[in-house]
Amino acid sequence: MTGRGGAAPKLAPYAFVAPAVVLFLLVFALPIAYTVYLSLFRTEVKGLGLGKGSRSEVFVGLDNYARALTDPELGAGALRVLGYGAILVPTMLGLALVFALLLDEERVRARGFSRIAIFLPYAVPGVIASLLWGFLYLPGTSPFNQALRELSLPGVDLLSPTGIYFALANIAVWGGVGYNMVVLYTALRSIPRDLYEAARIDGCTPWQVAMRIKIPLLAPALVLTSLFSVIATLQVFAEPTTLAPLTNSLSLTWTPLMKVYQDAFGRGDLYSAAATSVLIAVVMFVISFGLLRVTRSRAFGGER
Amino acid sequence: MRLDIAKKALALGLGLALLAGCGGGAEQSADGPVELSFWAWAPDIDKVVDKWNAAHPETKVVFSKQAQGDDLVTKLLTSAKGGNPPDLAQVEFQALPTLVSNDVLADISEGAASAKDKFAPGIWDQVTLGGSGVYAVPQDSGPMMFYYRADLFEQYGLKVPTTWDEYAQTARDLRAKAPDKFLGTFSSNDPGWFAGLAQQAGASWWGVDGDTWKVSVDDAATKKVAQYWSGLVAEGAVDKSPMYTPEWNKALNDGTQIGWLSAVWAPGVLKGNAESTQGKWAMAPMPQWDAAKPRTGNWGGSTTAVTAGSKKQKAATEFALWLNTDPAAVEALVKECGIYPAATSAQEALSQPPAFFPNQPDFYTLAAKIAATSSGFTWGPNVNVTYTAYKNAMAEAISAGGDLVPTLAKMQGATVDDMKANGFTVGG
């Protein structure tokens with residue numbers, strides 16, 4: 001190394017870092033900055049708006065933010081997402097935890113097959129999953145309803161205004177359990193086996209081992225999966241957008257992200273869409289950060 | 001959040017390029033063959049373009065296949081902002097004002113105004129936006145008609161309704177005779193369909209008065225239509241699930257839906273969605289509000305427009321006129337693309353019924369008669385806002401029990417608010 005000149009050791013770190021920094025600036029920081037910039041403007045039309053040059057871009061400061069914050073539809077959308085998340089996150093993580101614990105049991109057979117079978121729906125893109133489930137939900141095409149009719153029971157309409165929350169949560173549970181299960185299962189496998197041995201010698205039943213050893217040691221993984229689930233919930237877009245044309249129960253602005261999409265491409269108003277997305281990003285950041293903070297003592301208990 | 005970073009970056013880059021390359025929209029001097037780019041989505045329209053290219057070696061049209069409808073509007077807006085639009089594009093009637101308002105389309109009245117007589121007045125009004133400019137040449141139209149299952153009508157002893165009162169009665173009679181069947185559905189998902197029904201009743205949602213827009217989505221005619229359907233939905237005489245869902249396709253196929261208020265292009269949809277019912281459907285004029293003065297509305301239909309950014313507007317206008325008024329071109333459009341031509345003479349020249357309607361040999365004769373009763377309609381610069389409001393508010397109203405009239409006030413409110421927020425001059 002000595003013969004290659006003195007400059008290299010100083011430059012090398014920068015050279016290594018450069019690609020990441022350039023990419024970060026180009027595809028992350030720059031678009032965010034541009035979004036923030038856009039959110040401070042809007043177009044202004046003069047008169048009929050049909051002549052040449054009748055549209056101009058004007059600076060409006062925080063006007064777009066004020067309008068987004070006072071828009072009742074955005075708040076209502078956020079509430080709907082909360083309701084949806086309240087059904088989705090506990091169900092999905094609960095099931096993932098149960099499956100992970102079951103698979104970790106020594107006596108389980110066909111472990112590989114079960115793992116794949118539970119994980120597989122995760123590989124189906126959200127739009128396609130929603131189309132598939134849409135078929136199963138529509139009262140006219142639903143095989144469940146056909147079966148119920150055969151038994152002369154009344155049919156269920158999962159696309160009713162209340163049912164739709166469960167219908168949407170079900171799609172996400174179906175797709176998400178496998179992924180979370182794999183994360184939890186991997187964490188379980190990394191727990192030293194001798195802990196279980198010691199517990200057994202102390203007379204623990206498998207149930208007690210699960211409750212008193214496995215779950216507490218899983219806490220970091222549980223926090224991580226919860227955080228990811230909450231973020232995914234807040235970003236829900238593909239499922240309701242795909243189901244919306246099938247039912248009267250979903251509006252095109254059902255979730256905040258759907259509203260952003262409608263503003264940008266339905267109304268052609270990139271400016272207010274930019275403002276709303278900045279707001280959503282800030283809220284997401286606060287929630288994620290808050291969640292991490294609250295659970296930090298549990299999640300990273302050993303590392304402080 | 002990350003919706004279209006690439007697009008924005010592109011727009012930014014292209015915007016700079018535009019600034020640099022701007023100035024002087026003069027016609028390109030014509031040495032060598034002129035090349036025109038053309039964006040459209042009609043199936044197999046490239047075969048019609050080939051005909052033009054074979055006959056006009058001095059002007060070559062380069063066709064590029066696009067996604068239908070709203071996607072193309074977004075793409076046109078973006079490309080125009082970037083200073084790189086195609087010379088010609090297929091544009092739906094209701095998107096014209098939006099594009100004109102964004103300065104995307106050229107006024108081609110100089111070359112195209114003379115084509116006025118070739119189209120029904122109701123169609124022509126839609127490309128002039130009620131003013132003196134001409135922003136596109138009409139290509140196809142979608143006069144609305146009533147489609148019904150002739151075999152099932154006979155089986156249940158129903159008569160084809162000629163007025164809306166009869167339609168309501170027929171719907172009830174059918175429910176009484178076959179409780180699992182419907183004469184039609186009120187769809188919250190198809191604002192274009194509702195707009196067609198409103199046009200038939202004489203609605204006028206937008207209008208231009210000097211330098212001021214007039215907006216009346218909740219006018220008396222539209223209220224009449226909403227009131228009428230509220231009754232049918234509330235009493236369960238018609239279905240209330242959206243059209244174009246797997247469930248609806250199945251209902252058309254198995255005879256659960258035995259009628260469809262649709263447009264002249266319906267045979268193509270029925271063939272795709274309910275192939276097993278070939279030859280069982282028949283077409284009749286729309287039920288009427290006033291049987292003495294038959295009218296219909298339009299659902300769908302498109303035009304060929306020349307862009308403001310094109311440097312070859314004159315040649316492009318010639319092509320747009322040829323494509324939609326030349327008898328050979330229009331015949332090819334009908335044959336290759338399966339459209340219903342907007343040009344009146346071409347409508348009358350259609351002799352064979354659609355393949356899906358072998359039982360109705362006079363299909364197109366009747367269609368031409370119906371098309372002649374189309375109501376005129378002026379579209380506004382933010383139809384998309386009105387349409388979104390329709391979808392959201394109608395869906396909510398139907399779920400809540402079926403009073404559809406308050407929905408119109410919401411549509412009106414959303415439309416006017418959006419226009420005012422953008423700075424349009426909107427009058428009372």
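The values are calculated or read from the model by the stated rules, or taken from the named source; none is laboratory data. Keep in mind that what you see is a predicted model, and the values were worked out from it rather than measured. Every residue, glycine as well, gets a Cβ built from its backbone with ideal geometry; the counts of neighbours run over all protein chains shown.
Quick notes on this structure:
- Of the candidates B:Ser79, B:Ser109, the single residue that is under 24 Å from A:Gln262 (Cβ atoms) and among the small types (Gly, Ala, Ser) is B:Ser79.
- If the condition is being at pLDDT 90 or above, surrounded by 15 or more Cβ atoms within 10 Å (Cβ to Cβ) and hydroxyl-bearing (Ser, Thr, Tyr), then segment A:45-94 contributes A:Tyr65, A:Tyr84, A:Thr91.
Per-residue answers, yes or no, for (1) not assigned by TED's automatic domain parsing to the domain that holds B:Thr162; (2) not in a loop (DSSP other than H, G, I, E, B):
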position: B:Lys224; (1), (2): no, yes
position: B:Trp229; (1), (2): no, yes
position: B:Val233; (1), (2): no, yes
position: B:Ala237; (1), (2): no, no
position: B:Trp260; (1), (2): no, yes
position: B:Leu270; (1), (2): no, yes
position: B:Asp290; (1), (2): no, no
position: B:Thr304; (1), (2): yes, yes
position: B:Ala316; (1), (2): yes, yes
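- Residue in segment B:64-78 that is over 24 Å from B:Ser375 (Cα atoms), of a type in the set (Ser, Thr, Tyr), buried (at least 16 other Cβ atoms within 10 Å of the Cβ) and modelled with pLDDT under 90 present: yes
- Qualifying residue in segment A:198-211 (condition: surrounded by 18 or more Cβ atoms within 10 Å (Cβ to Cβ), of a type in the set (Gly, Ala, Ser) and closer than 29 Å to A:Ala117 by Cβ): yes
- Checked against (1) over 16 Å from the mean Cα position of the chain (by Cα); (2) within 13 Å of chain B (Cβ to nearest Cβ); (3) at pLDDT 90 or above, A:Gln146 passes all but a single condition, namely (3).
- Residue among B:Lys391, B:Lys369, B:Lys335 that alone is among the basic types (Lys, Arg) and either surrounded by 17 or more Cβ atoms within 10 Å (Cβ to Cβ) or assigned to a loop (DSSP other than H, G, I, E, B) (or both): B:Lys391
- Checked against the criterion of being buried (at least 18 other Cβ atoms within 10 Å of the Cβ) and either in contact with a Lys or Arg (Cβ under 6 Å, 6 or more places away or on another chain) or more than 14 Å from chain A (Cβ to nearest Cβ) (or both), the candidates B:Trp289, B:Trp213, B:Trp193 yield just one match: B:Trp289.
- Meets criteria (in contact with a Phe, Trp or Tyr (Cβ under 8 Å, 6 or more places away or on another chain) and assigned to a loop (DSSP other than H, G, I, E, B)) for A:Val278: no
- Any hit, segment A:271-292, residues being within 7 Å of another protein chain (Cβ to nearest Cβ), within 24 Å of B:Met411 (Cα to Cα) and aliphatic (A, V, I, L, M): no
- Positions within segment B:340-356 being part of a loop (DSSP other than H, G, I, E, B) and buried (at least 23 other Cβ atoms within 10 Å of the Cβ), in sequence order: B:Tyr340, B:Ala342
- Yes/no for B:Asp117 being within 14 Å of chain A (Cβ to nearest Cβ) and either touching a Leu at 6+ places or on another chain (Cβ under 8 Å) or of a type outside the set (Lys, Arg) (or both): no
- Out of B:Val385, B:Val416, B:Val330, sole residue that is within 14 Å of another protein chain (Cβ to nearest Cβ), in contact with a strand residue (DSSP E or B) (Cβ under 7 Å, 6 or more places away or on another chain) and not in a loop (DSSP other than H, G, I, E, B): B:Val416
- Positions within segment B:398-413 being crowded, with 23+ Cβ neighbours inside 10 Å and at the interface with chain A (Cβ under 10 Å from one of its Cβ atoms), in sequence order: B:Ile398
- Test: A:Gly175 is in contact with a helix residue (DSSP H, G or I) (Cβ under 7 Å, 6 or more places away or on another chain) and on the phi > 0 side of the Ramachandran plot: no
- Positions within segment A:132-142 being more than 9 Å from every other protein chain (Cβ to nearest Cβ) and out of contact with any Leu (no Cβ under 7 Å at 6 or more places or on another chain), in sequence order: A:Leu132, A:Trp133, A:Leu136
- In segment B:91-119, the residues that are of a type in the set (A, V, I, L, M, F, W, C) and either without any contact (Cβ under 8 Å) to a residue 12 or more places away in the chain or surrounded by 21 or more Cβ atoms within 10 Å (Cβ to Cβ) (or both): B:Val91, B:Phe93, B:Ala95, B:Leu96, B:Leu99, B:Val100, B:Val104, B:Leu105, B:Ala106, B:Ile108, B:Ala112, B:Phe119
- Residue that is surrounded by the most Cβ atoms within 10 Å (Cβ to Cβ) [pool: residues in segment B:306-323 that are within 19 Å of the chain's Cα centre (by Cα) and closer than 13 Å to B:Gly111 by Cβ]: B:Val306
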